[in-house]
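All remarks here apply to the structure that follows.
None of the figures in this text is laboratory data; all of them are computed from the coordinates on show. Since the structure is predicted, the reported quantities are computational estimates derived from the model, not experimental observations. When we count neighbours, we look across all protein chains shown, and the Cβ atoms used for this are built from the backbone with ideal geometry, even at glycine.
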Amino acid sequence: MTTTNGLLLVDKPGGLTSHDVVARVRTIFEEKRVGHAGTLDPMATGLLILGIGPSTRLLRFAQGEPKRYRGTVQFGVATDSLDADGTVIERRAVPTISPAQMEKAAALLRGPQLQVPPMVSAIKVGGRRLHELARQGVHVERDARDVTIDEFSLAATQDPARWEFEVRCSAGTYVRVLLSDLAESLDTLGHLSALRRISSGAHHVERALSLDGLEDVVKGGGHVVRPPIEFVTGLARATVSEDQERRLRMGQRIELIATFDESEIAAVNERGALVAILRARDEQWKPEIVLADAAGASD
């Protein structure tokens, strides 16, 4: 029996949660094993990477990739969630900001830094999600996390209080926190008013399908699921023989002639299909994740 197995790129519309998208995709493919690689808030649009079938075990590789976003920030208004979905809690005058001043402020926020997650977020503390606690009026201390802002630029619009931005950042970065910090450095308030994820690692939203478009293609018999190997474009690869592939599928360790500095690599067969994720164990390589074969064998 064959099974859908691989990577899917979806252009998430605004108003849906990432879980809503997963539920719709499960229905479209009639496949329970569907997961996403990095939540997008309901107001956000853009690239959502999904894993289908056995490939859901590869989602962590996409989750850790750098992300690129575009959007707008509204200065002078703060919300409890730091974005447009929240309730306005304060207003403040917006000073005149020149492009040079904005660039100076943005430059100070580039690079490695510690970021405190917002209260309205899906992070769990004591088994409870922060946004659930926030709705109950409970405020808890959150540990700062390491993030990196690789690129951060802004451009003025006709509205002096609204600026467009583009940012490339490490996984786990909260863009709304970044913009709130930016507003504070400019002696005003601010919130994220629009956000679109453009890319994640090597994957770009231009290659993604809308949910309606996806359903139409699948109903028409088209192929939209990309091979599992696309989850691990950042890993070093080792090509294994038919005998080594057989052994890996049986959970056995193998030896490789080539040497690798990495402790984790991708094993591909002679057809270029992903066989397994291998982890170094002394002088051998142990299969950590074994993928279904091309015929859809059980993983």
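Report the paramagnetic label zone for residue 281: residues of segment 201-238 whose backbone N is under 19 Å from a point 7 Å from Cα along the Cα-to-Cβ axis. Of the residues in segment 201-238, 238 have backbone N under 19 Å from the label point off residue 281.
Rounded to a whole number of µm²/s, how large is the Stokes-Einstein D of the chain at 20 °C and 1.002 mPa s, given Rh as the Kirkwood radius over C-alpha pairs? Spell out each step's value before the answer.
Values: Rh = 21.3 Å.
Here the translational diffusion coefficient equals 101 µm²/s.
Full extension of the chain between residue 237 and residue 166 yields a length gain of 22.3 nm, computed as 0.36 nm times the residue separation minus the alpha carbon distance. Computed extension gain for residue 153 through residue 253, at 0.36 nm per residue and net of the alpha carbon distance, reaches 31.2 nm.
The residues neighbouring residue 262, those whose beta-carbon lies less than 12 Å from its own, together hold a net charge of 0 under the Lys/Arg +1, Asp/Glu -1 convention. The calculated Kirkwood hydrodynamic radius for segment 235-290 is 10.8 Å, given to one decimal from all distinct C-alpha pairs.
Would you list 185, 55 from fewest to most Cβ contacts within 10 Å? Mind showing how you got there, number by number?
Working: 185 13, 55 30.
The order, fewest Cβ neighbours first, is 185, 55.
Note on 32, 67, 12, 286: ascending count of other Cβ atoms within 10 Å places them as 32, 286, 67, 12, the fewest first.
Spin-label model, residue 261 to residue 89: label points 7 Å out along the Cα-to-beta-carbon direction sit 4.5 nm apart. Normalised by the number of residues in the chain, the average gap of Cα pairs under 8 Å and 6 or more apart makes the relative contact order 22 percent.
Roughly what % of DSSP beta bridges within the chain run antiparallel, to the nearest 5?
90
Determine the sum of side-chain charges near residue 77: Lys and Arg each +1, Asp and Glu each -1, restricted to other residues whose C-beta is under 10 angstrom from that of residue 77. For residues surrounding residue 77, the net value is +1. Summary of the geometry: segment 90-109 and segment 65-88, compared by the centres of their Cα atoms, lie 15 Å apart.
GNM on the chain, alpha-carbon springs under 10 angstrom: the most fluctuating residue among 171, 273, 100 is 100.
Under a Gaussian network description of the chain, with springs only between Cα atoms under 10 Å, the residue in 217, 21, 275 that fluctuates furthest is 217.
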